[in-house]
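Below: one structure, written as structure tokens.
The values are calculated or read from the model by the stated rules, or taken from the named source; none is laboratory data. Remember, predicted model here, so these are calculated numbers, not experimental data. Quick reminder, even Gly has a Cβ in these numbers, built from the backbone with ideal geometry, and neighbours come from all protein chains shown. Just so you know, the surface numbers come from the protein's heavy atoms only, side chains and all, with ligands and any DNA or RNA stripped out. Shrake-Rupley method; radii C 1.70, N 1.55, O 1.52, S 1.80 Å.
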Amino acid sequence: MTAMVKAEGVHKSFGQVEVLKGIDLEVATGEVFCLIGPSGSGKSTFLRCINHLEKINAGRLYVDGDLVGYRQKGDKLYELKDAEVALKRRDIGMVFQRFNLFPHKTALENVMEAPVQVRGVSKAAARERAGQLLERVGLSDKAGNYPSQLSGGQQQRVAIARALAMDPKLMLFDEPTSALDPELVGEVLDVMRQLAEEGMTMIVVTHEMGFAREVGDSLVFMDGGVVVEAGDPREVLTSPRHERTQSFLSKVL
Ligand code: ADP
Ligand code: MG
């Protein structure tokens, strides 16, 4: 099976500060890959590198077999042009802690936006598909609501539907439930769980250890820009081998 994401010695610095210090990992197609670690350990930066929002300084990063940011010809590498990067990014859905919906558009219009603007899909077709996606995230009855008329959990489910509208082959979730009131976390995790069951490849940065344990196929604990420990979520969470993992888990579990 091909890896959906493969990182080999990935380094990323901001000025003098080295944030990713050689990340090696592999995300198999169809798997739910959970990424945990303390604040500042480089989790968001790593997701942003996968999604072409940051350029790595050293190492290799592949998405679906293609080198991120470069085209390979023989043994030469050519930097991708902006238009080429934009094409690659279409295949990757991203969901943030803050939902980032367009405030002046309804739930339905938010979901329709990218297919119409980026893909050139007809409005009628995009509207129909958006309706189906809102149904999938349990929000058929909220299609006409503006973000301000939706709860945080509902907004996040619209954000997931919006990402799915581009038919991504990979979904990145960056602490999707961290900004939610506790009673709204479950409805978002349920949608993610359903997506996992449908076979979506997902990288999920989360503090929801229950989700990682029940839904995750792999779990990586990052600290200080390195992968400290990786393995089956149930094993890592129940019997972490490294002191740093133990210490982190004792604070969050
Ligand atoms: P995490 O998501 O694990 O909390 P981040 O990837 O957001 O960690 O951040 C890792 C480190 O990189 C932090 O120290 C942060 O301040 C720094 N950092 C992230 N983005 C930038 C940036 N654009 N410029 C400078 N420093 C950054
Ligand atoms: Mg982060």
**Report entry** Residue satisfying all of: in the range 193-209; under 23 Å from Thr238 (Cα atoms) and either open to solvent by less than 30 Å² (accessible area, probe 1.4 Å) or among the aliphatic types (A, V, I, L, M) (or both); farthest from ligand 1 (Cβ to nearest atom) among these
**Finding:** Ala196
Report summary line: Just one listed residue, out of Asp232, Asp174, is acidic (Asp, Glu) and surrounded by fewer than 16 Cβ atoms within 10 Å (Cβ to Cβ), and it is Asp232
Requested in this report: Could you tell me which of the residues Lys43, Lys21, Lys6 is touching a strand residue (DSSP E or B) at 6+ places or on another chain (Cβ under 6 Å), open to solvent by 50 Å² or more (accessible area, probe 1.4 Å) and within 18 Å of Arg244 (Cα to Cα)?
Outcome: Lys21
Query raised in the report: Counting just the residues of the range 46-61 that are more than 8 Å from ligand 1 (Cβ to nearest atom) and either among the polar types (S, T, N, Q) or over 13 Å from Ile92 (Cβ atoms) (or both), which one comes out most open to solvent (accessible area, probe 1.4 Å)?
Result: Lys55
Report summary line: Taking first residues from the range 195-210 that are away from ligand 2 (no atom under 16 Å from the Cβ) and second residues anywhere that are open to solvent by 10 Å² or more (accessible area, probe 1.4 Å) and of a type in the set (Asp, Glu), the pairs with Cβ under 7 Å that are 6 or more apart or on different chains are Thr201/Glu31
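Determine whether Ala163 is of a type in the set (Gly, Ala, Ser), at pLDDT 95 or above and touching a strand residue (DSSP E or B) at 6+ places or on another chain (Cβ under 6 Å). First the steps, then the outcome.
Numbers: of a type in the set (Gly, Ala, Ser): yes; at pLDDT 95 or above: yes; touching a strand residue (DSSP E or B) at 6+ places or on another chain (Cβ under 6 Å): yes.
Yes; evaluated as a whole, the condition is true for this residue.
Restricting the range 135-157 to residues that are among the hydrophobic types (A, V, I, L, M, F, W, C) and under 14 Å from Asp190 (Cα atoms), which is nearest to the chain's Cα centre (by Cα)?
The first filter runs over the range 135-157 and keeps only residues among the hydrophobic types (A, V, I, L, M, F, W, C), leaving 137, 139, 143, 150.
Then drop every residue that is not under 14 Å from Asp190 (Cα atoms), which leaves 137, 139.
Numbers: Val137: 17, Leu139: 21 Å.
Step by step, filter the range 135-157, then rank; the result is Val137.
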**Report entry** Residue under evaluation Leu133, criteria (1) touching a residue at least 40 places away in the same chain (Cβ under 8 Å); (2) aliphatic (A, V, I, L, M); (3) under 17 Å from Gly93 (Cβ atoms), criterion not met
**Finding:** (1)
